[in-house]
Amino acid sequence: MKRSVLPVLTVVLALLVIWYGAAVWLNAAWAQDRATRAGVELSLAELVADTWAQDKPKLPAPHQVAVELWETTVEKKITSKRSLVYHSWITLSATLLGFALGTALGIALAVGIVYNRVMDMSVMPWVIASQTIPILAIAPMIIVVLNAVGISGLLPKAMISMYLSFFPVVVGMVKGLRSPAIMQLDQMKTWNASPAQTFWKLRLPSSLPYLFTSMKVAMAASLVGAIVGELPTGAVAGLGARLLAGSYYGQTIQIWSALFMAAALAAVLVGLIGLVQRLVLKRMGMA
Amino acid sequence: MAWIVAGIVAWGLGLWANVRLARLARLPRSRATGLAVPVIFGVTLLVIWECFVRGLGVPSVILPPPSAIATRFAAATHILWEDFVQTAIKGALTGYVLGCGAAFLTALAIDRFPFLQRGLLPVGNFVAALPIIGMAPILVMWFGFDWQSKAAVVVVMVFFPMLVNTVEGLQASDRMQRDLMRTYAAGYWQTLIKLRLPAAMPFVFNGLKITTTLALIGAIVAEFFGSPIKGMGFRISTSVGQLALDLVWAEIVVAAIAGSAFFGAVALLERAITFWHPSQRARAGQT
């Protein structure tokens, strides 16, 4: 772990340098344009300074995004509509609800598939086929239709998150519930264990590593679902709405700060699951 | 009322047929029953959908019956084809080829330098979990409204999953095998082409398969942020606004077919290239 700190830092530093360079390159045209209109000649230093401090740059420099992030998270009141924390909370609540629903549905389906042959043969192919459909594309329709039925707010977004997050859980859990070796299953039989006992004492515990791995994937997918689900709601609130509003009004700094907030959210959520995974598996003596 | 009764009857019939088939298939698992069970499940679902929508009088602005979708599909083939070319061929396929190609080459470069590997891999893993789709508004702003920006979104979306898989694949060959190549006095390139690339192929194809759906999703969602007046994402978002839900569903059917065909094509290619891998051999033996 410690060995990789230096290379990672180098890569991140290189990315920052590339970013600053790209900001100069992409924003230079606009800076030159303004300078010629004002009738001044820009020196190289002035040009660089200008490209890193524009109001609506094509690519904002990293420090501009950092300043915007600081201003919208720390300096604004949390209840304010301009606070990024407020928008993040809206997205986070939909993500978590969708994730919880999706995980529950996924586990239920997986148990059904493992214990019921008809379900295994009929449902499993459709679960896989359902994911070759770009479900995100249907997101706006689901939102609008549910709105027409009178369901609005948190639930439609959570439904999309659920749809995206149940799939990895189903696949992972089916694999996990089937992971006990035949020897172990036979052992349970010699102890005269009922199917319920086999499930609780053997299959469920041995599926947990698979469950945690797929929960991480599901959480990331769920966040994407919530963000995309916010796009068609008319840009009211949430990180997705910030993205859409930013792209309508050319507020690139706002887009980038929303993007970074989403990235941070994803990192924290996935990291939390990883933490729980380590604690639980250690308690169980598996890690 | 008659429709609802018909729906319930169809439900019972489908369930009964599948239970019978699943019992039959308990003997040797034949290919015909393996195919028939999910087909019956899907057809039953469609019939139930049709019957309940008609029986309960659900307005077609909320959920059109499958028959209405089918007629609309047949009537609007030229629109659907135009959208398909714009989004799937120009946007998704171009981006997919560019993104996967770039990721493959980057993976080769990373593999040569352990320092890069230790630095880039954690960053790549991190980025692969991020809501990359949020980049869409920015890329649309940079590359304009036409298919180029959609291809760019797809490139960014497929790059990291593909990179991580390829790097993992390049490490798949055993130490023994590599040592054997050394005793043959094989150079870096010979080892790469004759041993490590073939050994990496299962992982590469895993990445290629995962990214097929990502590519289509990316291209469609990017169109929500601005597009010319054709394209699947554009048609979906405008038709939802016009409450022409049958057209939306027809577009979804196109997306589903395109997604499945895309996935199927990659899977076929995989079977042709990695015919030696145990997972492929087992499947070949089964049929």
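The values are calculated or read from the model by the stated rules, or taken from the named source; none is laboratory data. Nothing here was measured: the structure is a model prediction, and the numbers come from that model. Don't worry about glycine lacking a Cβ; one is built from the backbone with ideal geometry, like all the others, and counts go over all protein chains shown. In case anyone asks, the SASA skips ligands and DNA or RNA and just uses the protein heavy atoms, side chains included. Shrake-Rupley method; radii C 1.70, N 1.55, O 1.52, S 1.80 Å.
A few notes on this one:
- Solvent accessible area, Å² - residue A:69, 1.4 Å probe, full protein context: 40
- Total lysine pairs in the stretch B:73-286 at Cα distances under 24 Å, for residues eight or more apart or on different chains: 6.
- Trypsin sites (Lys or Arg not before Pro) within the stretch A:16-122: DSSP coil, no more than 16 neighbouring Cβ in 10 Å: A:76, A:77, A:81, A:82
- Length gained when the stretch residue A:15-residue A:82 is fully extended (0.36 nm per residue, less Cα-Cα span): 21.2 nm
- These residues, B:46, B:139, go from largest to smallest accessible area, 1.4 Å probe, as B:46, B:139.
- Over all projection directions, the Cα-based convex hull of the stretch A:2-59 averages an area of 4.6 nm².
- Counting only alpha carbon atoms, the long axis of helix A:154-177 and the longest principal axis of chain A meet at about 50°.
- Among A:25, A:30, A:19, A:256, the order of accessible area from largest down is A:25, A:30, A:19, A:256, computed with a 1.4 Å probe on protein heavy atoms.
- Largest-first principal axis extents, alpha carbons of the stretch B:234-276, Å: 52, 15, 7
- Using a probe of 1.4 Å, the accessible surface attributed to residue A:59 totals some 10 Å² when neighbouring protein chains are kept in position.
- Equivalent ellipsoid of the stretch A:84-283: semi-axes from √(5λ) of the C-alpha gyration tensor, largest first, are 37, 19, 12 Å.
- Signed unit charges on C-beta, dipole axis of the protein assembly as shown, positive-most listed residue B:10, B:247, A:252: B:10
- For the protein assembly as shown, the Cβ-based charge dipole about the Cα centre amounts to some 2060 debye (Lys, Arg positive; Asp, Glu negative; other atoms uncharged).
- Note that chain B shows a convex hull volume over its alpha carbon atoms of 164 Å³ per residue.
- Helix A:252-283 and the longest principal axis of the C-alpha atoms of chain A enclose an angle of approximately 30°.
- Computed FRET value (nearest 0.05) for residue B:71 with residue A:104, which takes r as the C-beta separation and R₀ as 41 Å: 0.60
- Whole-percent pair-distance distribution, where bins are 10 Å wide, for the alpha carbons of the stretch A:172-260: 16, 28, 15, 14, 14, 10, 2
- Debye equation applied to the C-alpha atoms of the protein assembly as shown, log10 I(q)/I(0) at 0.08 Å⁻¹: -0.63
- Think of each Lys and Arg Cβ as +1 and each Asp and Glu Cβ as -1; about the Cα centre, that makes the dipole of the stretch B:73-286 roughly 800 debye.
- Taking amide H as placed 1.01 Å from N in the peptide plane, residue B:186 has no amide H partner under 5 Å among residues 5 or more places away or on another chain.
- Whole-Hz ³J(HN,Hα) from phi, Karplus 6.51 cos²θ - 1.76 cosθ + 1.60, for the stretch A:56-65, glycine and proline x: 10, x, 5, 9, x, 6, x, 5, 4, 5
- Positive-end residue, the stretch A:2-59 charge dipole about Cα centroid, Cβ charges, pick of A:54, A:5, A:17: A:5
- Helix B:114-128 and the longest principal axis of the C-alpha atoms of chain B enclose an angle of approximately 10°.
- Available extension along the chain between residue A:197 and residue A:41 is 48.0 nm, counting 0.36 nm per residue and deducting the alpha carbon span.
- 10 Å Cβ shell holding at most 12 others, DSSP loop, trypsin sites (Lys or Arg not before Pro): longest site-free stretch of chain B: B:30-287
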